[in-house]
Amino acid sequence: MGIKHKIVKDYQLLTSDKKIITLKSGNVLEDYKLTSKSDTISLEKEIVHNNPEYFQAVDWRQELLVLLKQNKFPQPSVIAKKMIPFMEEVFFSSKLESNDTKPSKELLEREEEVQLKFEKILKKQKILKEESSLLEEKELELKRKISEIKKKEDYLEKDFDSRKNQVSKQVLSLQKIVMENLPSHLHLPFQELFNQFNKDLKSL
């Protein structure tokens, strides 16, 4: 885990080839280096340490808590409290020894193992977030389709009722014309026929 410093204010750096580069605030130096997609800029430790108004040391404990919150881990404060003592033991126990004492192979292996496990957790969390986002999109799409179907059903129902009313009026008009022009002895059979037709129409 490297030493990190956050650039809190734009800093103008004079390079060895006499060029002035502006280090933008918000970026983070790791082991006194600013890495971008195209280049890596190295700063002397004295520049960082002697300009606290431009460079602020990043507390890895706070950074861990922010990272857990950003990835929406449940109870991030509780998880951080459990991880910090273990990470201090794994990553920083070597600081108690002499500066010229190299970390043991076992300690380096444990550090690498913890780092890999932590990266896997973050990767799984990212995958879960992506899957959750896809499910939300599908749910919204399904709701939209259901809404469209409901609108079509409402339209068809209203259109059907309108057509049924039109047919009913036409039947009544036809009934009147027929009854006026039929002999009286045929009124009853035709009246029964029209009644049955109207009854069937209303049942639709």
Evaluate segment 58-73: report whether one residue or more is modelled with pLDDT of 80 or more and touching a Phe, Trp or Tyr at 6+ places or on another chain (Cβ under 7 Å). no
Which residues, taken from segment 37-51, are surrounded by 14 or more Cβ atoms within 10 Å (Cβ to Cβ) and either part of a helix (DSSP H, G or I) or at positive phi (or both)? Ile47, Val48
Going by what's in this entry, would Asp161 be described as loosely packed, with under 10 Cβ neighbours inside 10 Å and not in a loop (DSSP other than H, G, I, E, B)? no
Working only within segment 3-26, note down all residues that are in a loop (DSSP other than H, G, I, E, B) and either in contact with a Phe, Trp or Tyr (Cβ under 9 Å, 6 or more places away or on another chain) or modelled with pLDDT of 90 or more (or both). Ile3, Val8, Lys9, Asp10, Lys24, Ser25
Would you point out the residue of segment 5-36, among those that are of a type in the set (Lys, Arg) and under 29 Å from the mean Cα position of the chain (by Cα), that is nearest to Glu63 (Cα to Cα)? Lys6
Residues of segment 52-66 being assigned to a helix (DSSP H, G or I) and not basic (Lys, Arg), which ones? Trp60, Gln62, Glu63, Leu64, Leu65, Val66
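The values are calculated or read from the model by the stated rules, or taken from the named source; none is laboratory data. Quick caveat, the model's predicted, so the values are computed rather than measured. Note that each Cβ is placed from the backbone with ideal geometry, even for glycine, and that neighbours are counted across all protein chains shown.
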